[in-house]
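Asks: First the structure, then my questions, so here it is.
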Amino acid sequence: MSHTEPWLRIVEDARSYPSPHNSQPIKLRPVDSRTAEIYYDLDLGLPAESFGIPFGHVCAGVFLESLRTVAEGLGYGVEESLEHGELDFDGVDRLHHLGTVTLAPRSVSTEARERLELFRTRRTSRRPYDARLVPDDVVAAATEVARAGGHTFRTSADRGTVRRLVHINQATLFSDLRNDAVYGEIMTWLRFSKDDARDRADGLSAEAMLMPGGLLRFAMTHRGLWDAPVIGAAIRGMYLNTMRGVRQLGWLEGPFAGPADYIEAGRTFMRLWLELTAHGVRLHPFGTVITNPGSHEAFAQVVAADEGGDRMAWMLFRFGYSKTPPVAHRRPATSMLIGAVG
């Protein structure tokens, strides 16, 4: 058996893990058929806003939970030996070593098989939601998942609160467009046509964002117009139109003081996402609200977030019910495996 197996089979599913801007920064280097080194590719990270750099490790935690979910569903336990060094986006070595994972054959439980199927069906939904509230028992189940990970899951269906937070999310985009570094980073990852999204197999596609590619390209390449009275209002209206039916928002609060915390936060988020998926609930993270310092402060004030000590309100998302969203493209599994032949 080659060193790429069973890793190639596992990564074929695990590559569907969600990542900021669908940048897919995690890489694996198989050492043998049971052991692999895991890296964060700094060239695929999002360092333009320093407040958001910790989310590189959050993404790693999301991936590690995804990897475990897939591996267990395919008959392998996973042991981890992780390093918790800070990401250095100015470093010469562009592959940041996250640690080592080791597989151990095991029987596949019914629960593990079901979780793998949930992972395969999980998608981010930017589609309009249908305004139904998620039942209390589903929220309670998600709350317990967060609590087990050391975090607090809070929600609001108050119309005024939801409206304010949606507008903060909208204002964040306008704020980021005025930041040259963040704007350049966004433009790097936008995919304006279906062909470009399919061929590059990464980034944020206009289709997934429910916007005509040509219109999105024009709006993004003429960012000065966003402040114009008429055109700016039209663009804001187009963006808010994608938020139709948002009735409920959720957020996570918990330890967020260093890389070890960030990784565990990512694991918790992925587990919570799968729990909601099990009940047919979709979600869409409002990541830039968290990584934009001004927007984060506004959000935390609106919800009276508990950010004392090492705690932070580190994730905000809309959740509810929508039509099936389009599949976000992913690069081939071989592109994640360092040394694999594509």
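The values are calculated or read from the model by the stated rules, or taken from the named source; none is laboratory data. The shown structure was predicted, so the numbers you read here are calculated from the model rather than taken from an experiment. FYI the Cβ positions are ideal-geometry reconstructions off the backbone, even for glycines, and counts take in every protein chain you see. For the accessible areas, the whole protein counts, side chains as well, though only heavy atoms, and no ligand, DNA or RNA atoms are used. Shrake-Rupley method; radii C 1.70, N 1.55, O 1.52, S 1.80 Å.
Asks: Of all residues in segment 6-64, count the ones that are assigned to a helix (DSSP H, G or I), closer than 25 Å to Gly258 by Cα and charged (D, E, K, R).
Replies: Selection size over segment 6-64: 1.
Asks: While we're looking at this one, here's another question. Could you list, in sequence order, the residues of segment 22-48 that are open to solvent by 40 Å² or more (accessible area, probe 1.4 Å) and closer than 30 Å to Gly294 by Cβ?
Replies: Asp43, Pro47
Asks: Next up: Report yes if some residue within segment 41-53 is of a type in the set (Val, Ile, Thr), more than 17 Å from the chain's Cα centre (by Cα) and on the phi < 0 side of the Ramachandran plot; otherwise report no.
Replies: No, segment 41-53 has no match at all.
Asks: If you don't mind, another one. Of the residues Pro285, Pro293, Pro332, which is closer than 15 Å to Leu173 by Cα and either modelled with pLDDT of 95 or more or among the aromatic types (Phe, Trp, Tyr) (or both)?
Replies: Pro285
Asks: Still on this structure, please answer the following. May I ask you to say which residue of Ala300, Ala340 is more than 17 Å from Leu46 (Cβ to Cβ), open to solvent by 10 Å² or more (accessible area, probe 1.4 Å) and touching an Asp or Glu at 6+ places or on another chain (Cβ under 9 Å)?
Replies: Being more than 17 Å from Leu46 (Cβ to Cβ), open to solvent by 10 Å² or more (accessible area, probe 1.4 Å) and touching an Asp or Glu at 6+ places or on another chain (Cβ under 9 Å) holds for just one of Ala300, Ala340, which is Ala300.
Asks: Taking the options Leu67, Leu98, name whichever one is over 30 Å from Tyr239 (Cα atoms) and in contact with a His (Cβ under 9 Å, 6 or more places away or on another chain).
Replies: The conditions single out Leu98.
Asks: Considering every residue within segment 113-128, establish whether at least one is touching a Lys or Arg at 6+ places or on another chain (Cβ under 9 Å) and among the aliphatic types (A, V, I, L, M).
Replies: No, segment 113-128 contains no residue that is touching a Lys or Arg at 6+ places or on another chain (Cβ under 9 Å) and among the aliphatic types (A, V, I, L, M).
Asks: Considering each residue of segment 146-175, count those that are surrounded by fewer than 19 Cβ atoms within 10 Å (Cβ to Cβ) and farther than 15 Å from Leu249 by Cβ, and give that number.
Replies: 7
Asks: Between a first residue in segment 106-120 that is closer than 17 Å to His279 by Cα and a second residue that is hydrophobic (A, V, I, L, M, F, W, C) and not in a helix (DSSP H, G or I), which pairs have beta carbons less than 8 Å apart while being 6 or more apart in sequence or on different chains?
Replies: Leu116/Leu74
Asks: Does Thr172 satisfy the condition of being among the β-branched types (Val, Ile, Thr) and either farther than 30 Å from Leu216 by Cβ or under 22 Å from the mean Cα position of the chain (by Cα) (or both)?
Replies: The answer is yes for Thr172.
Asks: A follow-up question, please. In segment 232-264, how many are of a type in the set (A, V, I, L, M, F, W, C) and out of contact with any strand residue (DSSP E or B) (no Cβ under 6 Å at 6 or more places or on another chain)?
Replies: Looking only at that region, the number is 9.
Residues are listed down the side, and each one gets a yes or a no for (1) of a type in the set (A, V, I, L, M); (2) surrounded by fewer than 20 Cβ atoms within 10 Å (Cβ to Cβ); (3) in a strand (DSSP E or B); (4) over 19 Å from the mean Cα position of the chain (by Cα):
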| residue | (1), (2), (3), (4) |
| --- | --- |
| Trp251 | no, no, yes, no |
| Tyr262 | no, no, no, no |
| Met270 | yes, no, no, no |
| Glu307 | no, yes, no, yes |
| Leu316 | yes, no, yes, no |
| Val327 | yes, yes, no, no |
| Arg331 | no, yes, no, no |
| Ser335 | no, yes, no, yes |
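Asks: Of these, Ile231, Ile290, which one is open to solvent by 60 Å² or more (accessible area, probe 1.4 Å), in a helix (DSSP H, G or I) and aliphatic (A, V, I, L, M)?
Replies: Just a single option satisfies the conditions, and that option is Ile231.
Asks: Report, by residue number, each residue of segment 194-220 that is open to solvent by 50 Å² or more (accessible area, probe 1.4 Å), touching a helix residue (DSSP H, G or I) at 6+ places or on another chain (Cβ under 8 Å) and modelled with pLDDT of 90 or more.
Replies: Once the filter is applied, which keeps residues that are open to solvent by 50 Å² or more (accessible area, probe 1.4 Å), touching a helix residue (DSSP H, G or I) at 6+ places or on another chain (Cβ under 8 Å) and modelled with pLDDT of 90 or more, segment 194-220 yields only Lys194.
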